[in-house]
1. Since residue 38 meets every condition but one in (1) part of a strand (DSSP E or B); (2) over 11 Å from the mean Cα position of the chain (by Cα), which condition does it not meet?
2. Do we find that residue 16 is in a strand (DSSP E or B), free of Cβ contacts under 8 Å to residues at least 60 places away in the same chain and farther than 22 Å from residue 101 by Cβ in this structure?
3. Would a scan of region 28-42 turn up a residue that is within 22 Å of residue 131 (Cβ to Cβ) and in contact with a strand residue (DSSP E or B) (Cβ under 6 Å, 6 or more places away or on another chain)?
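The values are calculated or read from the model by the stated rules, or taken from the named source; none is laboratory data. The structure displayed is predicted, hence computed values, not measured ones. Cβ: placed from backbone, ideal geometry, glycine included. Neighbour counts: every protein chain shown.
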Amino acid sequence: MTSTYFLGANSAQGFYSLYGSFPPRSGFLHIIKGGPGTGKSGFMRAIGSEAERRGMDVEYVLCSGDPDSLDGVYIPALNEAWVDGTAPHALDPTIFGVTGDYVNLGRFCRTPFSSENQVAIRRITPAYKALYAEIIKIAGQTEGRIYVLLDEIQEVNAWEQVINSLRVDLD
């Protein structure tokens, strides 16, 4: 059996997390580190897919900010989980080597990025964080529903899922 669920959500009070209770039954937690685009979701999908191929149950944890990405995968038969250990759900093993370990996908990236990309990344990152903080602030001060209008949305892959992932029910 395959299950899919979320462990976090954006709310008017900020990010709400249930990551502290993952994996279930105190399983071993492989915490995946790596920058954006290093293959964390693809790595977890490959693990889940192989477990499914072998007839095992698999639980997939979707990213609340991008449901096309995974935040985790759990295989009950192995009592092992692999999770994205980057913000906003940064994690550390309770007891390294006993309850969990790290998988560093950053080792397989070509860094440093080109100077052109570094400039763009340094420029965009603070703007993105500021915009996110402003949306959460406004949502917390507003009763009822708010709508965020995005220009040129047709240039975003799977834009319907992006829009739905931004929904915050303030009722």
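1. Just one mismatch for residue 38, condition (1).
2. So residue 16 fits the description; yes.
3. No, there is no match, as no residue in region 28-42 is within 22 Å of residue 131 (Cβ to Cβ) and in contact with a strand residue (DSSP E or B) (Cβ under 6 Å, 6 or more places away or on another chain).
Yes/no per residue for (1) over 22 Å from residue 42 (Cα atoms); (2) among the basic types (Lys, Arg); (3) modelled with pLDDT of 75 or more:
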| position | (1), (2), (3) |
| --- | --- |
| 81 | no, no, yes |
| 85 | no, no, yes |
| 88 | no, no, no |
| 92 | no, no, yes |
| 101 | no, no, yes |
| 105 | no, no, yes |
| 109 | no, no, no |
| 114 | yes, no, no |
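Conditions (1) at pLDDT 80 or above; (2) crowded, with 19+ Cβ neighbours inside 10 Å, marked per residue:
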site	(1), (2)
6	yes, no
9	no, no
15	no, no
20	no, no
31	yes, yes
